[in-house]
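What follows is calculated from the coordinates using simple rules that are stated; it is not laboratory data. Keep in mind it's a predicted model, so treat the numbers as computed, not measured. Note that each Cβ is placed from the backbone with ideal geometry, even for glycine, and that neighbours are counted across all protein chains shown.
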Ligand SMILES: *Cc1c(COP(=O)(O)O)cnc(C)c1O
């Protein structure tokens, strides 16, 4: 068969786009070349429904080894007793937890989407809000920090079965111990969704959710810098608190219920090529090099936040503990939709984002979200943050000036030549 010129040409164009631009989308990163290589391999052909040693198809002896290594490496990274590496994405990981622990209509409590939470934490547009009775906590208007008093009040009055912590647009660390304390009072489970800061947590640069949360989910492609995917982990397995039964009517441990929820509960065959790539990325995460990377991510985020503040930008919570920041652009009098679109023209990619207590629609929004994992992978150091913020500021200060936008785009292009991406491709 002839090679598909159309699609491979477009993939080539996408590579050029990634090479030429400044990538500030907080949820994106660049995997290593060997992670991408592993993804483009023959395990994609293999059906392996089930788990290592307990498959529904023959010929699984090799993929069994791949998945077992992936699980063992992930457990080592987070000192977890149990892990499932099959969820196709972070959303699937969360869905599996709800399937394992809840019945339709049960109450869940999560951070409101408009305050930095994720769709899968109970949004009415998502399965989590349609199938379950979703309750929310927010952040405090004055500080931008999670409103733990509100969380506790809602928890005590409504008694949700699961309290979800973790977010997509929150730049501060979490008080997991405090959430666990109120959960214990009401007999709820705590689920930490560390999709965003997992890499920093892996290296001990943020509070450890495993010390206090029953169940931890994550994506593998954000700060963890692996292939697109999800995982579920337990530091300690435990008996499920509500006597939940498997389809055969047996009361099972939480790990068994979670395995059953992923398959056959929610997914069919696992993506074995992606699990192979997850295993490769997990080995990279265990390295000293990755520790250096995560420390640089945190330092770059802090340097970038300071630079934005210096230029009069209004940061929610005034700064960051992790890899991202949320900027309220209302004092700059720019529509955030326009900000995103204009920066795109200058090859600077980020996303508009609602800020807490936003008065604009989710399509317009009052803020932008900025993250440094991808540019840190490109090799940027704290000193480069001034340059990057300078480019952003120039574009945002001249959104109708096509000459200035073109000038920044040219400068961005030559600046990024100093940070080669996939030189071997
Ligand atoms: C990104 C994210 C997810 C979902 O990840 P997908 O892989 O896009 O499904 C879940 N939870 C949080 C908090 C996230 O930020």
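Side notes on the structure shown:
- Mean Cβ count within 10 Å, highest first, over the residues of peptides 265-271, 330-336: 265-271, 330-336
- Förster-model FRET efficiency, 56 Å R0, residue 318 and residue 62, C-beta, rounded to 0.05: 0.60
- Coordinate range along principal axes, alpha carbons of the range 275-425, Å, largest first: 45, 35, 31
- Cα→Cβ-extended label distance, 7 Å offset, between residue 54 and residue 32, nm: 3.2 nm
- Cβ-Cβ distance of residue 364 and residue 20, R₀ of 25 Å, FRET efficiency by 1/(1 + (r/R0)^6): the value works out to about 0.35.
- Label-reachable residues, the range 211-231, where backbone N falls under 17 Å from a point 7 Å from residue 41's Cα toward its Cβ: 226-228
- Kirkwood-based Rg to Rh ratio, the range 34-285, C-alpha trace: 0.96
- Estimated purely from DSSP H runs of n ≥ 4, each contributing -39500 (n - 2.57), the mean residue ellipticity at 222 nm for the chain is -13000 deg cm²/dmol once divided by its residues.
- Its Cα gyration tensor gives the chain an equivalent ellipsoid, and the semi-axes of that ellipsoid, as √(5λ) in whole Å with the largest first, are 35, 29, 18.
- Residue with peak Gaussian network fluctuation, the chain [Cα springs, cutoff 10 Å], from 162, 375, 77: 77
- Note on residue 398 and residue 239: the extension gain reaches 51.4 nm, defined as 0.36 nm multiplied by sequence separation minus the Cα-Cα distance.
- Largest first and in whole Å, the equivalent-ellipsoid semi-axes of the range 249-350 read 40, 20, 17, each the square root of five times a Cα gyration tensor eigenvalue.
- The calculated FRET efficiency for residue 407 paired with residue 13, based on their beta-carbon distance and R0 = 25 Å, is about 0.60.
- The orientation-averaged projected area of the convex hull spanned by the Cα atoms of the range 32-142 comes to 10.4 nm².
- Gaussian network model of the chain, springs between alpha carbon atoms under 10 Å - residue of 87, 43, 227 with greatest fluctuation: 43
- Gain on full extension, evaluated as 0.36 nm per residue between residue 181 and residue 291 minus their Cα-Cα distance, stands at 36.5 nm.
- Least to most buried among 60, 42, 213 (fewest other Cβ within 10 Å first): 42, 60, 213
- Choice from 90, 390, 230 showing the highest fluctuation, given a GNM over the chain with Cα pairs closer than 10 Å: 390
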